[in-house]
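See structure below.
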Number of protein chains: 2
Amino acid sequence: MTSSESTFVVGIDLGGTKMLAAVVDSHGQIYGRSKRKTLPKSDRQAAPDVVAERMARTVRDAVDKAGLSMADIAAVGASAPGPVNVDTGRVFRVVNLPKWDTYFDLGPVLSEHLGVPVYVDNDVTLGTLGEAAYGAAKGIDDVIGIFVGTGIGGGIILDGKLRHGFRWGAGEIGHMLNYHGTIKDIEHFASRGAISKKMREAVAKGKSTIVADILATRGDDRITSGVIRDALAAGDPVTQRVVKNAQQGLGLLIASVVNLLDPQCIVMGGGLVESLGDRFLEPVRDIAFEHFFLKDDADKIMIVPAALGDDAVALGGAVLARQRGGG
Amino acid sequence: MTSSESTFVVGIDLGGTKMLAAVVDSHGQIYGRSKRKTLPKSDRQAAPDVVAERMARTVRDAVDKAGLSMADIAAVGASAPGPVNVDTGRVFRVVNLPKWDTYFDLGPVLSEHLGVPVYVDNDVTLGTLGEAAYGAAKGIDDVIGIFVGTGIGGGIILDGKLRHGFRWGAGEIGHMLNYHGTIKDIEHFASRGAISKKMREAVAKGKSTIVADILATRGDDRITSGVIRDALAAGDPVTQRVVKNAQQGLGLLIASVVNLLDPQCIVMGGGLVESLGDRFLEPVRDIAFEHFFLKDDADKIMIVPAALGDDAVALGGAVLARQRGGG
């Protein structure tokens, strides 16, 4: 297959609630996007093959919107929110989707639907790849991506090479452990999910009237990144405390990873980081730097917010498609 | 430079108290060894150039003992117990040696002394490389070495490639952090140094008469790996407790590293592991496996004791010399 500036690839980001496809050229420019809910309203228990068929349609929609046809598409790169065998396109399982509790050959099935080669990788890995190709770590080939959401996911690029692991299990950065007293995953302290849980408990106990007020005003009892941002802005002491704990956890997590791997760049993503921005990252950075074992050139280690927002994973999928499939 | 079965290289392991050189053929066979104290008795404050001159003599002694001359030696691989720029042979510092508190160009200086190319890398990295080439991880190119001593050092080989880090700072595995309550390095719980310190405190407080007796019998108040082994064999409850804590710390450290990097093999080395053997590793392994996030094929991850003993680092130096210098 010859490489050409004019060929396009499609990246598709499969999440637990929605999917996003993007048609991308060789410069990372997006020519067409399409979104769809992951599961049909009529069937919340849909099996993986239903999800795959919806992914194929979403890819075709994005290609239509770009004014192209599938004949213009060299390859597709798809993400899955779970461990993936990148060589075969097999997704081991997707925890968030009820019927995807065993393996599914997403790559081959999508390829059958679309008539082009389809490559699959983990979503956080592709988000990191997207940021390294076109975002906050553009041009850097030594990047750890840390995406803070309900849990905490990690993507690893060392010396320009994605690290997938011996069992395709690398990058579970939120499941690095605390070993003093009770054993807990870092996710337990430092994820948006952990912050939300602690805030909800405080509301239930009547300890935070500010958060209760914000939820009442919004008419939605979910504690999202936006609620956390608003509660911080209103000076809610409970929120300040749990966010500070999370920042400490993330700072120490980064220091641990730097002391182990000494990467050039750490990209921090996810709704919470994007919502709170550098104000959230500043203390994380300070705590991390304070705990670097090697102090030499510590200021050359970048700890930066992700830049591509919702497009990061789809753009990473496009990079995967281009690297593996040409185009 | 042509590669030939008949050419030899020398690996030299520089420690805080002694150095060991070995002449090695392309199969990892050792033809001659030589040892020397790192610092001369007459000058405990000797500068790095004195140490380098002693290293050069130790290399020549080993070559003599192998019945060879320096003309038979293709290259030398030397270790240093500190961060090293492998491209230039510069050692940033050696914490254990009083006058080596700033950088020293060990590679170029040794090469000048010996008249052959000299390559330098961190000692734990070379120990891991030695075990991967000729020892417990023979033939495996995806290995994390964890060496438990006064501190805890790590060596990283991923997909056949040594990981040195952006600042030559990778592998400080003992400085991964605990983030619950007081912030402490893993070394603080899980090193032989930490075990010895806690045992010494117990002796000072009169809490462990067994350890006090062992020390009195030996006529030496240092709590070595041998003392720990004897105290365990005698059923000393204090020693059992602190060793159990260390095993838990090491098990969780391994689980954290596996959850992050998913390597095929973890090699555990250092005096304590070698002295206590698999009896020490069995609970470490159980705790690690229990905390793997990805359970699939968990039993395919090897957690094994180092096999090369005191020769590991020198053999790793030989591998480095062969990889970089030919021979």
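Annotations
- Answer from B:R229, B:R222 - the residue that is more than 30 Å from B:L158 (Cα to Cα), under 23 Å from the mean Cα position of the chain (by Cα) and surrounded by fewer than 16 Cβ atoms within 10 Å (Cβ to Cβ): B:R222
- Residue list for the range B:99-109, restricted to those being part of a helix (DSSP H, G or I) and either surrounded by 24 or more Cβ atoms within 10 Å (Cβ to Cβ) or at pLDDT below 95 (or both): B:L106, B:G107
- Residue list for the range A:262-276, restricted to those being within 14 Å of chain B (Cβ to nearest Cβ) and either part of a helix (DSSP H, G or I) or over 23 Å from A:P81 (Cβ atoms) (or both): A:D262, A:P263, A:Q264, A:C265
- The residues of the range A:80-98 that are of a type in the set (A, V, I, L, M), surrounded by 21 or more Cβ atoms within 10 Å (Cβ to Cβ) and in contact with a Phe, Trp or Tyr (Cβ under 9 Å, 6 or more places away or on another chain), listed by number, are A:A80, A:V84, A:V91, A:V94.
- Any hit, the range B:152-175, residues being away from chain A (no Cβ under 11 Å) and out of contact with any Asp or Glu (no Cβ under 9 Å at 6 or more places or on another chain): no
- The single condition among (1) outside any loop (DSSP other than H, G, I, E, B); (2) within 14 Å of chain B (Cβ to nearest Cβ) that A:A212 does not meet is (2).
- The strands (runs of 3 or more DSSP E) falling completely within the range A:5-89 include none with 2 or more residues that are within 14 Å of chain B (Cβ to nearest Cβ) and among the hydrophobic types (A, V, I, L, M, F, W, C).
- Apart from one condition, A:S275 fits all of (1) touching a residue at least 60 places away in the same chain (Cβ under 8 Å); (2) closer than 16 Å to A:G149 by Cα; (3) of a type in the set (G, A, S); the exception is (1).
- Test: residue in the range A:229-250 that is out of contact with any helix residue (DSSP H, G or I) (no Cβ under 9 Å at 6 or more places or on another chain) and more than 14 Å from chain B (Cβ to nearest Cβ): yes
- Considering only residues in the range A:281-319 that are free of Cβ contacts under 8 Å to residues at least 40 places away in the same chain and within 18 Å of the chain's Cα centre (by Cα), the one that is surrounded by the fewest Cβ atoms within 10 Å (Cβ to Cβ) turns out to be A:G309.
- Residue satisfying condition, being in contact (Cβ under 8 Å) with a residue 40 or more places away in the chain and either surrounded by 21 or more Cβ atoms within 10 Å (Cβ to Cβ) or in a helix (DSSP H, G or I) (or both), within set A:N245, A:N259: A:N245
- Residue within the range A:229-241 that is in the same structural domain as A:E274 (by TED's automatic domain parsing), closer than 14 Å to A:F189 by Cβ and out of contact with any Gly (no Cβ under 8 Å at 6 or more places or on another chain) present: yes
- Set side by side, the residues A:V91, A:V63, A:V59, A:V84 differ, and just one is aliphatic (A, V, I, L, M) and touching a residue at least 60 places away in the same chain (Cβ under 8 Å), which is A:V84.
- Positions within the range B:129-174 being closer than 30 Å to A:V242 by Cα and either in a loop (DSSP other than H, G, I, E, B) or over 15 Å from the mean Cα position of the chain (by Cα) (or both), in sequence order: B:E172
- Taken over the range B:277-305, the criterion of being out of contact with any Pro (no Cβ under 9 Å at 6 or more places or on another chain), farther than 18 Å from A:R167 by Cβ and either in a loop (DSSP other than H, G, I, E, B) or not basic (K, R) (or both) is satisfied by B:E282, B:P283, B:V284, B:D286, B:I287, B:P305.
The values are calculated or read from the model by the stated rules, or taken from the named source; none is laboratory data. The structure presented is a predicted model; accordingly, all values stated were derived computationally and were not measured. Positions of Cβ are generated from backbone atoms using ideal geometry, with glycine treated the same way; all protein chains shown enter the neighbour counts.
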